[in-house]
Amino acid sequence: MKKLISILMVFAVFMFFAACSSSDDNDDNGDTGNTGDTGDTGDTGDTGDTGDTGDTGDTGNTGNTGNTGEEEDSEVQLKYKKADEHAENVSSEISEANTAFAAKIFGALSEEEKGKNMMISPLSISIALAMTINGASGENLEEMKEVMEFGNMDMDDVNEQFYHLIQSLVEADKDMILAIANSVWMDLVFEPRVKEKFLDILDEFYDAEAFAYDFADLDTVDVINDWVKENTMEKIETIIEEIGHDTVMYLINAIYFKAAWTTTFDKESTYDGQFTLSDGSYKTVKMMTFKEDQEFMFYNSGWEADDYNVVRLPYGRGKFAFYGIVPNSGSIDTLISDIAEKGIDHYISSLVKTEIPVMMPRFKFEYEKSLVDIFQTLGMEKAFETGGLLELAEDGEDLYISDIIHKTYIEVNEEGTEAAAVTAVEVGETSMPAGFYGTRPFVYFIRDDRSGTILFIGKVEDPTVED
């Protein structure tokens with residue numbers, strides 16, 4: 001086997017959210033003995049030492065300290081049990097839907113981003129769109145469900161499945177932080193029209209915080225961005241630059257992920273290596289590796305055209321993993337097209353525990369994209385026209401999705417992975433229902449309607465200024 005078979009290039013869409021099957025988890029748990037090495041990974045790594053608390057001390061009361069350690073271990077195991085129970089309740093239908101959607105949208109975006117780093121969070125996009133679909137109606141409802149691969153599932157089932165999915169992800173590993181936050185932001189003048197049922201669903205199944213602010217107030221942009229910043233540990237600082245005059249609502253999902261490798265790369269072995277770009281040129285990068293070959297789940301399909309290598313690098317207790325796929329001879333674009341066609345599961349179904357060399361570059365980048373064009377390409381068109389969100393608000397005939405904004409961040413190094421994602425679905429209204437909304441500068445006059453005489457005429461630019 002060639003020494004360089006595991007140089008990993010692909011920044012795949014599923015690389016930090018893909019969980020392995022239970023049989024793969026058991027196979028890889030043999031590696032978890034090294035979790036104690038993860039102490040360098042910041043906040044997540046420190047928890048790796050909790051199991052040693054029973055052995056500490058010259059305090060003279062080591063028995064009590066041991067009990068504390070046992071209690072902490074018991075509490076951790078209880079959290080694991082709850083998370084795993086929720087994972088068992090996630091149906092194959094929603095898992096297959098999310099995986100198919102991930103491959104589909106990743107393939108479509110890759111066509112636009114050839115030669116560029118790119119990463120999305122299908123989970124973040126799916127949650128934000130699932131929340132929005134609860135306000136959809138008619139043909140738009142069917143289109144949105146089809147594009148999201150929800151098929152014949154009704155939204156009650158979809159919502160319940162996303163509840164179990166979200167609950168299965170949080171507190172799933174003490175050596176990992178995975179925080180998921182949802183929110184809905186409404187213009188003050190629009191909020192009274194939003195249907196109570198819609199907000200109740202977002203609260204019950206998505207734990208979405210509901211906020212009402214004056215969208216004409218420039219400070220509202222900062223308030224929304226501060227929420228995003230807080231819920232991504234400052235990795236993503238803004239999601240909107242300004243609020244358009246027609247915007248009446250934002251549905252936002254934020255995800256933060258930080259995890260330590262089960263087997264950490266050896267920092268002292270990191271070296272200046274060559275990375276071959278798609279155009280055939282080379283760049284010198286910091287290449288991570290191990291002092292000696294390690295045992296990982298691995299598959300090599302061969303060395304002919306379109307063949308590839310896959311490796312699974314687990315995090316923490318082995319329930320989450322980074323999967324890297326590198327083409328052996330073909331291009332990355334061909335590989336991504338094949339992934340979109342064959343599905344992600346095709347590439348990870350034949351993994352076998354193998355002792356192999358692994359070399360992977362450190363990398364860190366951010367990505368931002370409006371997803372409107374991509375969703376239209378995938379067949380979701382009615383959502384961007386009026387009349388398809390009748391279940392969201394009263395008198396909602398003029399509502400439509402005006403934008404879908406997506407931002408991500410990722411850093412991969414010797415200790416582990418840190419990543420974040422935000423998706424904001426922006427809802428606009430072409431015309432407000434009949435009524436006077438003096439929420440922005442306006443003209444006024446005082447008139448004698450008998451003769452048509454104008455007594456006074458003026459404009460209000462800033463109602464707080466009295467001079």
Worksheet item: For the stretch 291-407, what D do you get in µm² per second when you plug the Kirkwood radius from alpha-carbon pairs into Stokes-Einstein at 10 °C and 1.306 mPa s?
Response: 88
Worksheet item: Among rounded, prolate and oblate, which fits the stretch 161-212 when a ≥ b ≥ c are the square roots of the eigenvalues of its C-alpha gyration tensor, a/c under 1.5 means rounded, and a/b larger than b/c means prolate?
Response: oblate
Worksheet entry | Loop sites in the stretch 237-340: trypsin sites (Lys or Arg not before Pro), DSSP, at most 10 other Cβ within 10 Å | 291
Practice prompt. Quickly work out the residue 430-to-residue 226 label distance, labels modelled 7 Å from Cα along the C-beta direction, and quote it in nm with one decimal.
Written response: 3.7
Worksheet item: What is the magnitude of the charge dipole of the stretch 298-360 about its Cα centre, with +1 placed on the Cβ of each Lys and Arg, -1 on the Cβ of each Asp and Glu, and no other charges, expressed in debye to the nearest 20?
Response: 520
Worksheet item: Can you give the accessible area per residue of the stretch 291-424, in Å², using a 1.4 Å probe?
Response: 38
Worksheet item: Excluding ligands, DNA and RNA, what is the solvent-accessible area per residue of the stretch 199-269 at a probe of 1.4 Å, expressed in Å²?
Response: 46
Response to the item:
FRET efficiency (residue 292, residue 146; Cβ distance; R0 41 Å; to 0.05) is 0.25
Worksheet item: For the stretch 166-323, what is Rg from Cα atoms divided by 2.2 N^0.38 Å, rounded to two decimals?
Response: 1.50
Worksheet item: So what's the gap between the Cα centers of the stretch 238-297 and the stretch 134-165, to the nearest angstrom?
Response: 31
Worksheet item: For residue 117 and residue 137, FRET efficiency with R0 = 41 Å and r from the beta-carbon atoms, rounded to 0.05?
Response: 0.60
Worksheet item: residue 334 to residue 381: extension gain in nm, 0.36 nm per residue of separation minus the Cα-Cα distance?
Response: 14.1 nm
Worksheet entry | Solvent-accessible area, 1.4 Å probe, carbon plus sulfur percent, for the stretch 332-390 | 41
Response to the item:
In nanometres, the difference between 0.36 nm per residue of separation and the alpha-carbon distance of residue 209 and residue 269 is 17.0 nm
Item to complete: Filter the cross-link list 79/267; 229/258; 116/235; 197/369; 267/319 down to pairs whose alpha-carbon distance in this structure exceeds 22 Å.
Response: 79/267; 197/369; 267/319
Fill in: Carbon + sulfur, % of accessible area of the stretch 118-242 - ligands and nucleic acids excluded, 1.4 Å
43
Worksheet item: Counting only protein heavy atoms, what percent of the accessible surface of the stretch 279-318 is carbon or sulfur at a 1.4 Å probe?
Response: 41
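The values are calculated or read from the model by the stated rules, or taken from the named source; none is laboratory data. Here the structure is a predicted model, which means the values were calculated and not measured. Heads up, the Cβs are rebuilt from the backbone with ideal geometry, glycines too, and the neighbour counts pull from every protein chain shown. For the accessible areas, the whole protein counts, side chains as well, though only heavy atoms, and no ligand, DNA or RNA atoms are used. Shrake-Rupley method; radii C 1.70, N 1.55, O 1.52, S 1.80 Å.
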